[in-house]
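S.K.: This structure is in structure tokens; I'll ask about it shortly.
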Amino acid sequence: MIYTLVHSFLIVTWLLSGGLKLVSMKSFTSTVEVIMGKGRWASSLAFALPIGEIVLSVGLWFEYIKVIVCTGSLIFLCIFMAVNIRSMLLKQEVACNCFGLAVPDRFGWGAVIKLLLLIGMTVYLMTGTRDLPLWGATGLPLYLLLSTGLFLVYALVMAYLDFRKNWQPV
């Protein structure tokens, strides 16, 4: 049951992360440009990263390439961690746009904790074995809905915290 929940959570996380970045491409491109500097590489990377995340999400549907997809996930997560730590060391106040403009989020310790959780989940998925059938009443579709709901709760909490932080009485 835990394996299936982690599996579906990672599918939803990668899909929403990539898809929402594509929807708010201009904002994500400016984040990449702050980190890398303006140029052709930044624009290319800003397009390639979300596509890569969507590919990882789709790849997680196929059990026989699980190790390859999880390795790719770990590479992405380690790159995101390095960029986050670099941003913290340089004391940059940068919106990470991890989920495009849908979730207000910044680089910092909160992002480090989230990345460590995702790394732990990916390692668990890489080393674990399926505990429920992919399809069925208790299979992946139910857990995909649960994972989407968890993401929506996360997005609402982050939006509320951002509102409270930036709220100015009139």
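The values are calculated or read from the model by the stated rules, or taken from the named source; none is laboratory data. Note that the structure is a prediction, hence the values are computed from the model and not measured. For neighbour counting, all protein chains shown are included, and Cβ atoms are generated from backbone atoms with ideal geometry for every residue, glycine included. Quick note on the areas: whole protein, heavy atoms, side chains included, nothing else; ligands and nucleic acids left out. Shrake-Rupley method; radii C 1.70, N 1.55, O 1.52, S 1.80 Å.
S.K.: Checking the cross-link filter: which aspartates and glutamates have an alpha carbon closer than 20 Å to that of K21, excluding same-chain neighbours under 8 positions apart?
M.R.: E33, E53, E93, D105, D162
S.K.: Take every Cα pair under 8 Å in the chain that's 6+ residues apart, average their separations, divide by the length, and report that relative contact order as a whole percent. It would help to have the intermediate numbers written out before the result.
M.R.: Values: 183 pairs, mean separation 56.6, N = 170.
Once divided by the residue count of the chain, the mean separation gives 33 percent.
S.K.: How long is the gain from L101 to W167 if the chain were fully straight, where each residue apart is worth 0.36 nm and the alpha carbon distance is subtracted?
M.R.: On the way: separation 66, 0.36 × 66 = 23.76 nm, distance 1.82 nm.
Additional length available on full extension: 21.9 nm.
S.K.: With every protein chain kept in place and ligands, DNA and RNA left out, what is the accessible area per residue of the chain? Probe 1.4 Å, answer in Å². Could you put the intermediate results ahead of the total?
M.R.: On the way: 9870 Å² over 170 residues.
Normalised by residue count, the accessible surface of the chain is 58 Å².
S.K.: For D105, D162, give the ranking by accessible area with the largest first, probe 1.4 Å.
M.R.: Greatest to least solvent exposure: D162, D105.
S.K.: Right, another one. Straight-line reach only, C-alpha to C-alpha below 30 angstrom: list the lysines that K26 could link to, leaving out same-chain residues fewer than 8 apart.
M.R.: Result set, ordered by chain and number: K38, K91, K114, K165.
S.K.: Along the principal axes of its C-alpha atoms, what lengths does the chain span, in descending order and rounded to whole Å?
M.R.: 51, 41, 27
S.K.: Shifting gears a bit: Counting Lys and Arg as +1 and Asp and Glu as -1, each charge on the Cβ, what is the dipole of the chain about the Cα centre in debye, to the nearest 20? Present the calculation step by step, with values, prior to reporting the outcome.
M.R.: Details: 12 positive and 7 negative charges, 82 e Å.
Dipole magnitude for the chain comes out near 400 debye.
S.K.: Show that you can apply the helix-only estimate: for the chain, add -39,500 (n - 2.57) for every DSSP H stretch of four or more residues, divide by all residues, and state [θ] at 222 nm to the nearest 500. Write down the numbers at each step before the final one.
M.R.: Working: 6 runs with 124 residues, N = 170.
Only helices count here, giving -25000 deg cm²/dmol.
S.K.: Additional query: For the charge dipole of segment 34-170, defined by +1 on Lys and Arg C-beta atoms and -1 on Asp and Glu C-beta atoms about the Cα centroid, which residue among A159, W41, V69 has the Cα displaced farthest towards the positive pole?
M.R.: So the residue we want is W41.
S.K.: Can you list the HN-Hα couplings for segment 117-123, worked out from phi with the Karplus curve (6.51, -1.76, 1.60; θ = phi - 60°), rounded to whole Hz and with x for Gly and Pro?
M.R.: 4, 5, 5, x, 5, 5, 5
S.K.: OK, next. From largest accessible area down, sort E63, E53; use a 1.4 Å probe on the protein chains. Present the calculation step by step, with values, prior to reporting the outcome.
M.R.: Working: E63 70, E53 0 Å².
The most accessible residue leads, giving E63, E53.
S.K.: I'd like the Karplus ³J(HN,Hα) series for segment 19-26: coefficients 6.51, -1.76, 1.60, θ = phi - 60°, whole numbers in Hz, and an x wherever there's a Gly or Pro.
M.R.: Once rounded to whole Hz, the list reads x, 6, 5, 5, 5, 10, 4, 4.
S.K.: Which residue, K66, K91, K26, tops the fluctuation ranking in a GNM of the chain built on C-alpha contacts under 10 Å?
M.R.: Judging by the Gaussian network model, the answer is K91.
S.K.: Which whole-Hz couplings ³J(HN,Hα) result when phi for each residue of segment 98-105 is put into the Karplus expression 6.51 cos²θ - 1.76 cosθ + 1.60, θ = phi - 60°, listed in order with x for Gly and Pro?
M.R.: For segment 98-105, the Karplus-derived couplings read 4, 10, x, 8, 5, 10, x, 8 Hz, x marking Gly and Pro.
S.K.: Ordering Y124, Y160 from largest to smallest accessible area (1.4 angstrom probe), what's the sequence?
M.R.: Values: Y124 95, Y160 125 Å².
Ranking Y124, Y160 by accessible area, largest first, yields Y160, Y124.
S.K.: Hey, any idea what % of segment 1-100's accessible area is carbon plus sulfur with a 1.4 Å probe? Walk me through the intermediate numbers first.
M.R.: Values: 3880 of 5090 Å².
Solvent-exposed carbon and sulfur of segment 1-100 make up 76 percent of the total.
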